[in-house]
Every structure is written in structure tokens, then in C-alpha cells.
Amino acid sequence: IALGFVVWYGGLKAATNNAISIGEIMSFIMMSQMLFRPLRQIADKFNTLQMGMVAADRVFTILDEDEKELDLGKHLTSHIKGNISFKDVKFSYIKDQPIL
């Protein structure tokens, strides 16, 4: 917005004093756009690069963590008999139509 105001004000002053023509003002505006568009694209690429660096840092932080050993406790299988019984087990997809 500031650049537009400067071009408008400067162009108005120069055109009223016959220092430059309207065509030269338009040429200046077009050349300014041709200059600033690539600069904006470079800034956008830098922003994308920064977001990628942050994402990579997060991934590497997770990858660098030490593996935690799970405390699985002590399993005592001597008291297991191997018999499984189901009592009063009911299942149905539709109400009042049991499958089991």
C-alpha cells in the first residue's frame, strides 16, 4: 500500500510538472511489479523451507529418543489350567436376535 501511495503521489507531481509522461509512470509501475514478484516468491520459498526445517526437527526429536523398556512384570503361568468357560455370554447385531 505504501509503495502504491508513493508511486501515485510521485507520479502525480511529476506528470503535472511535465517531467515524465503517464506512459513512463506506467512503465515504472510494471517494472516494480516485475521486480517485487520474484522477491515475494523467494520469501515464500524461504517460508516453506523454514516450515520444513521445523517439521524435520520434530521428527528427529522423536527419532532420537531412547527406547523405553516396558516393564512387563512377572508372569506366573504355573497356576493356569488352560480351561476357558463362558457363562451368560450374549451377542447380537439386531436387538432380540442373539447370535451366540
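Read-outs throughout are calculated quantities, based only on the coordinates presented, and are distinct from any laboratory measurement. Quantities reported herein were computed from a predicted structural model and do not represent experimental measurements. In this analysis, Cβ positions are derived from the backbone assuming ideal geometry, glycine residues included, and neighbour counts consider all displayed protein chains.
Ellipticity at 222 nm from helices only: DSSP H runs of n ≥ 4 in the chain, each -39500 (n - 2.57), divided by the residue count, give -21000 deg cm²/dmol. The phi torsions of segment 83-92, fed into the Karplus equation with coefficients 6.51, -1.76 and 1.60 and a -60° offset, translate into couplings of 9, 10, 9, 10, 10, 6, 8, 9, 8, 7 Hz, rounded to whole numbers, with Gly and Pro shown as x. The angle separating the long axis of helix 2-16 from the principal Cα axis of greatest extent in the chain is about 10 degrees.
Could you list Tyr93, Tyr9 so that the one with the fewest beta carbons within 10 Å of its beta carbon is first and the one with the most is last?
Numbers: Tyr93 7, Tyr9 10.
Least crowded to most crowded, the residues run Tyr93, Tyr9.
Simple spin-label estimate for Arg58 and Tyr9 gives 4.4 nm between the two label positions (7 Å along the Cα-to-Cβ direction from each Cα).
Taking Cα atoms only, the orientation of helix 22-64 departs from the longest principal axis of the chain by about 20 degrees.
Spin-label pair Leu70-Gln97: with each label point 7 Å from Cα along the Cα-Cβ axis, the two points sit 3.9 nm from one another.
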